[in-house]
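Notes follow once the structure below has been shown.
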Amino acid sequence: MWRRLSSLSPLISASTSSSLNQAAYKFKIWESFTSNIPAQAKGGMFSKGKTPFITFVLGGPGSGKGTQCTKIVNNYGFKHISAGELLRREIASNSEYGTMILSTIKDGKIVPSEVTVKLIQKEMESSDSHRFLIDGFPRTEENRIAFEKIIGVEPDLVLFFDCPQEEMVKRVLNRNEGRVDDNIDTIKKRLMVFEALNLPVINYYSQRGKLYTINAVGTVDEIFEQVRPVFAAAEMIDEAYAMIVEKNGG
């Protein structure tokens, strides 16, 4: 089931053509995965009756991915999961887990991938949705490997909001006006770290045929018009897949 979108890239490219025949397009999508319907996974979140549809959302600070996540949620009914927000929430809870996370961060160390993945897993399992936008994760190859090992699946889609450094610096400065820790030098260092750690992840999913790069320059609506075809096609496949599973007896 996790490979059912493997041929989506050329279909999405075709979907932006003004000469596209919609009926033929739908047939091509249907035909692309109906030849091999795999069995559903068992246990955990997979036992709720619907196959989880997972999208990773990647992009540097100021790339606008958070704003686009909000629009995706509103238009396509995804559950938005921010890795950073989960860590902050756990710290604020004053739990033993949160105390450990805070101590790790104060020591200048990176929170272990397994910790973040477990928080993501908990959030997914407690949700009524089967569609997930995982925002800001994975940031490193270690993150990626831990997610796939613990959750047991790969993402269906990976969105990368590609934005020039100058534009991201400008956006971060504008939104954080008055914060002394967000000057040009510190922002550029954050962007350099992001690029060094995230590029291998982006390259990996590109090679897997799962990466969809969005030009993150323009208005919010202009950028979302690039996002829309990805989820419109994916939603079509998701619905068709559910119909086939139901027809075959679940």
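The values are calculated or read from the model by the stated rules, or taken from the named source; none is laboratory data. Owing to the predicted nature of the structure, the values given are computational and were not obtained by experimental measurement. These accessible areas exclude ligands, DNA and RNA; they are computed on the full protein's heavy atoms, side chains included. Shrake-Rupley method; radii C 1.70, N 1.55, O 1.52, S 1.80 Å.
Some points to look at:
- Counting only protein chain heavy atoms and rolling a 1.4 Å probe, the accessible areas of Lys170, Lys247 rank, largest first, as Lys247, Lys170.
- Pairs spanning more than 19 Å between alpha-carbon atoms, out of Lys109/Lys170; Lys65/Lys149; Lys65/Lys170; Lys79/Lys106; Lys65/Lys210; Lys118/Lys149: Lys109/Lys170; Lys65/Lys149; Lys79/Lys106.
- Ser206 sits with roughly 70 Å² accessible to a 1.4 Å probe, with DNA, RNA and ligands left out of the calculation.
- Coupling constants for segment 205-212 follow from the phi torsions by the Karplus curve (6.51 cos²θ - 1.76 cosθ + 1.60, θ = phi - 60°), and in residue order they are 6, 5, 5, 7, x, 9, 8, 10 Hz; glycine and proline get x.
- In this structure Thr67 has an accessible area near 70 Å², from a 1.4 Å probe over the protein heavy atoms.
- Phi-based couplings in Hz for segment 57-71 (Karplus 6.51, -1.76, 1.60; Gly and Pro marked x): 10, 10, x, x, x, x, 6, x, 5, x, 4, 5, 4, 4, 5
- Residue-level accessible surface for Arg175, protein heavy atoms, 1.4 Å, Å²: 150
- The candidates Met168, Met192, Met100, arranged from most to least accessible area with a 1.4 Å probe in the full protein assembly, appear as Met192, Met100, Met168.
- Note on segment 66-106: the C-alpha convex hull projects to 3.4 nm² when averaged across all orientations.
- Note on surface exposure: Leu211, Leu58 rank Leu211, Leu58 by accessible area, highest first, 1.4 Å probe.
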